[in-house]
1. Between residue 586 and residue 639, what length comes free when the chain is fully extended (0.36 nm per residue of separation minus the Cα-Cα distance, one decimal in nm)?
2. Residue separation times 0.36 nm, minus the C-alpha to C-alpha distance between residue 472 and residue 261: what's the value?
3. Could you state the number of Å between the C-alpha centres of the stretch 526-590 and the stretch 604-625?
4. How far apart, in nanometres, would the label points at residue 889 and residue 344 be if each is projected 7 angstrom from Cα along the Cα-to-Cβ direction?
5. Once the Cβ-Cβ distance between residue 384 and residue 931 is put in as r, and R0 is 56 Å, what FRET efficiency do you end up with, to the nearest 0.05?
6. So for the pair residue 377, residue 723, with labels modelled 7 Å out along Cα→Cβ, what separation do we get in nm?
7. Can you put 569, 785 in order, fewest other beta carbons within 10 Å first?
8. Between residue 788 and residue 1018, what's the calculated FRET efficiency when r is the beta-carbon distance and R0 is 41 Å? Round to 0.05.
């Protein structure tokens, strides 16, 4: 049952109950009839409870919808009141069986108690029905105002020349209720299909309340590109569908569905689109079955805008068809030419019309020729251009897999324009452009990859100039907001015939050093053939001379850092791990003591290895002299960078190694030198050094901590707590937290009495979050006292409840004591606190606030057992709701409770459930609140989640458009500026992601900021502030001033 249908069923039951209550009122004087009427009402309540449970169990993932959640909560409150009043009715009825004269007199004076109960039940039922009616009326009012609001998902429109009359016609079709679900836009490549479709999708009709998404398929996703291999074709199509699921927020990244086949992905898409109203743009579709798969999806109000050049796709019968032909583009071809050749109408030579005719008025061909003739007014040059275009078109070889009789001539003309444009360029530009044939252009390619390719061709300068020439010639398209490039599908098609020559020149005929530099890049961004050869080359180079090994490893890291997302980084990391993993130990063992080689291998290992990789290859390190080589280098190392990298590597190996390895590492690692990495001037190595400390601590336990303390590392950390930057303080807190969590470590030796008083207040608060031991309570409270206090919290008197909660604080502060912990866990304290939090009566606000405070103390002192209990009681969602309430004292108490829960012991349990509960979605929605306090606390808690959270948590935030929301808050001005930098600062403090992942996420955020702020008056200042922070933090500085 749909959740809204369930609410409708509840409405019908409640309406029926109103009639049953009237029947009870008429029958309550008849002692035989009244119990039957009460029984009928109890059955109605039982039905209501079934509906309530059905909603909660089957549709919990949809309760983030505010309207549905309010109706769900109000229904639960109604059921509770009905139970109470029906119990009272039965009690009064049993009393009424024996009426004395005094009772009759009393009733005559004050009224019948049963009558009052019946009236209370009627009032409750009427209240709920009226509440739902008000909700429905508000919903209608909101819908009428929502027409002017921007859609949830948007398609970015690029500068182009949409055919206006066709654009209006497509819009008209989308608005019509009786039009087909699929609208096909067909035409030659480069004629403006995608441009027109994006123009429509960038501002979809208001009926598409969830906005619009774009999916580009291209020839890559066709049977021809897969050489008829059905399995490979289905694999590529499944990958594209996974991208659609990520765009609409159904999955966080493609790694979640790596093992799913095409049918599984289609089934997930079906589930994701249920109830959605989206305009879905399927761009450059080559296969008919792709459109048919989407068109068969049901229970949604989506429509599909499809662009294709394939006549077979155009033959789909149940579709509206829009064809862009020569007559449609003729009216705009002259404007396109004027735009690109930078001439006025008066300056345009008389032969311009002939050129347009020779181009077939094709927009892409006209643009390329126009840019090649930029600012050229001489008639003979234009005549020569027409002649050369015809010549090059005759020479061009068009791919057989693409052409047919209808578009063969147009394709050759387009390719001829490319040849003409290249002929007008310098030799360096032509060579570089042809080398681009080795790259797969299915997705935009990062600028760093193209610059690496340029370097391999023997050039070290002029890269920006060469790229600008290719962009000016319409051969390459620059995506300014993403620092990446892509090409038109016809350019990609043109380059197909050049692929073999490009790969041969780059990988086979170039020098070994050059090939070592480019192989990792082509392994990620190259075509399938290039990937295969690049893998072979890298495996060969890892067995070659030292410089080639180092060159290969350095470019592996650089290519990884160019990943656009965490999911891309993870996929590439796994691929490189397969190549390096089996060779890592041998490379170190056979290094002959070369510091440069050992450092390069160590850095690559710590960048790409995960826990599984360390475990898989632990034996190879332990059975060779690799560990001895690493430890030997550390003994004589005077370079802090090398010290930090190698120490990190050897500590990780020890963390996952056997007892013998751990003992060897602990005895040989120079702790005194490790302490130097925490010197004030070494802040750029704090993160690496802190990671090493935690790995060594996990490996050697208390023995490792004792050795660190003997070397003065704990004193270095205390100095950082007092005087370091924000990031430095955080690293110190994390390290000391790791020490405290070990059994057998003397707390007094780590932090002498009074030491906390010398720390800045914010550092002390953070540190006390991890270390909660309260020495002011010397003895355990008696169980009887606790039970009495718990009983008093059940009182109807607010003052008595509040006093009981206050007296309970010293007890919960000792929840770390095993006896007290067991006593509290056996009680119903958590459930009672949950009940108090749910009390919406304003007179109980103080009790709600105190309940939140006790929950905070429980989680801080008791840790994991209490977090488990809290998660079972749905307290987290209740605290989030409190944080978005309109009373500031309740909001503050809820935020502080949540803040301490996520930073306390056992908080990992919270993050495991976080994504399932829809908390992040609710918090991001809260940023749209009109209440400044609500916005502020939601933003603070989101930053907390970044700092304490996990990789999936951060990915979910990014996929839900958090950065775009923060940018919009910046645009609006006011007190809540700097949200993006706060997010980045939280990211800098996050200890649950690797340095490589942090770098990739930062780059992703910069791209999102660029896209969200483009064209706004704050564009330059906001982008500059974000880039400055990223740049400073990458150099090891947090950007924070030192604490006084």
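1. So the extension gain works out to 16.7 nm.
2. Stretched out fully, the residue 472 to residue 261 stretch lengthens by 71.8 nm.
3. 15 Å
4. 7.3 nm
5. Working from the Cβ atoms, E equals 0.25.
6. If labels sit at residue 377 and residue 723, their model points lie 7.0 nm apart.
7. 785, 569
8. After rounding, the FRET efficiency stands at 0.10.
Values in this text are rule-based calculations from the coordinates and carry no lab data. Values in this document were obtained by computation on a predicted structure and should not be read as measured data. Counting neighbours? That spans all protein chains shown, and the Cβs are built from the backbone with ideal geometry, glycine included.
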